[in-house]
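The values are calculated or read from the model by the stated rules, or taken from the named source; none is laboratory data. Everything numeric here is computed off the predicted structure, so don't read it as measured data. Using ideal geometry, Cβ is built from the backbone for each residue, glycine included, and neighbour counts are taken over all protein chains shown. When the accessible area is computed, the model is the full protein with side chains, heavy atoms only, and any ligands, DNA or RNA have been set aside. Shrake-Rupley method; radii C 1.70, N 1.55, O 1.52, S 1.80 Å.
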Amino acid sequence: MSDPDTLPETTVHHDRVPGGRYWSMVIRRGFTLRLVDREGKANVSMLLYSPQNLLERYNMADTLKGQHTSRLTRGNMLYSDMGRVMLSIVKDTAGWHDTIGGTTRDADIVRKYGEHRYQQYRNDFYRSGRELFLIELAKWGLGKRDLVSNLNFFSKVYAGADGVLHFDPENSRPGDHVDLRAEMDTLVVLNTAPHPMDPAPVYDPGPVELSIYHTPPVAADDYCVNFRTENARAFANTVIHHCQG
């Protein structure tokens, strides 16, 4: 298992997002974003957009059907709704990341954890994933109509034999991490609110650590590109997108 603290000398940025907060940045093509679940209880809800054309964004349906899966791990690529690859999962120690669980709404938080308002609790007040997404999206001129199906890194949702969805609270361990290589410039918008299906009785989502480092050009035998035939086609579309430099 790789060490989450061992980063290349090409690392250009490091940050920490507490639980129940938000973050966004454009990850440039040729750079990789590392997420670290330091305490083993993080849920990183994520949306992706093209900064050059904000109408292009992560497409959950195409990502899953193109790779014949309902979950994500190393080798999987995150497709845009224009048939291109936005990010590739090049490293993963957790092994399972949720694609279908969605994000919490304000009513979900109040019903499950009670109401903690800013006026009384200050920075310890409770926020939903939807509210956190909307706050961060507004910084980029985006809003409610731009909310699409999100990813949930470090969370595991699976269907039981009876067809009922289940949440695995033991999926991620302290130090688990995932590396997301940008195949095109990608606006990453994320929050660290609890997963909607998290059975924890108290509002105590874990923090996530972020690092960005430069990566070399993609090789012909790249694991992600060759993971599925569909990945190779989507990556070829991305190469065409960049053919003029």
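For the chain, the 222 nm mean residue ellipticity estimated from helices alone, with every DSSP H stretch of n ≥ 4 adding -39500 (n - 2.57) and the total spread over all residues, rounds to -4500 deg cm²/dmol. Given R₀ = 25 Å, what would the calculated FRET efficiency be for A200 paired with N53, taking r from the Cβ atoms and rounding to 0.05? That gives a FRET efficiency of 0.05.
Along the Cα-to-C-beta direction of H68, a point sits 7 Å from the Cα; which residues of the range 213-242 have their amide N less than 19 Å from that point? From the range 213-242, the list is 223-235. Cross-link pairs exceeding 21 Å in C-alpha to C-alpha distance, out of K41/K91; K41/K112; K91/K156; K41/K144; K65/K144, comprise K41/K144; K65/K144. Given axes a ≥ b ≥ c from the Cα gyration tensor, I'd like to know whether the range 96-184 is rounded (a/c under 1.5), prolate (a/b larger than b/c) or oblate. Because a/c hits 1.5 or more and a/b fails to exceed b/c, the range 96-184 counts as oblate. Let me make sure I get this right: for the range 177-245, a, b and c are the square roots of the gyration tensor eigenvalues over alpha carbons, sorted descending. Under 1.5 in a/c it's rounded, otherwise prolate if a/b > b/c, else oblate. Which is it? Cα axes put the range 177-245 in the prolate bin. Computed in the context of the full set of protein chains, the accessible area of the chain at 1.4 Å probe radius has 51% of its extent on carbon or sulfur.
When the chain is treated as a Gaussian network with alpha carbon springs shorter than 10 Å, the biggest mean-square fluctuation among R145, R74, R130 belongs to R145. What is the log10 of I(q)/I(0) for the range 16-166, computed with the Debye formula using one identical point scatterer on each Cα and no solvent, at q = 0.13 Å⁻¹? Reported log10 I(q)/I(0), two decimals: -0.66. In this structure the range 85-187 gives 48 Å² per residue of accessible area when probed at 1.4 Å with all protein chains present. Rolling a 1.4 Å probe across all protein chains gives H68 an accessible area of roughly 120 Å². For the set D15, D106, the ranking by accessible area, highest first and with no ligand, DNA or RNA atoms included, is D106, D15 under a 1.4 Å probe. Name all residues of the range 13-47 having a backbone nitrogen under 16 Å from the label point set 7 Å from the Cα of N123 along its Cα→Cβ direction, giving them as ranges. Only 15-23 fall inside the zone, counting backbone N under 16 Å. On full extension, the segment bounded by D81 and K144 gains 20.9 nm, given 0.36 nm per residue less the C-alpha separation.
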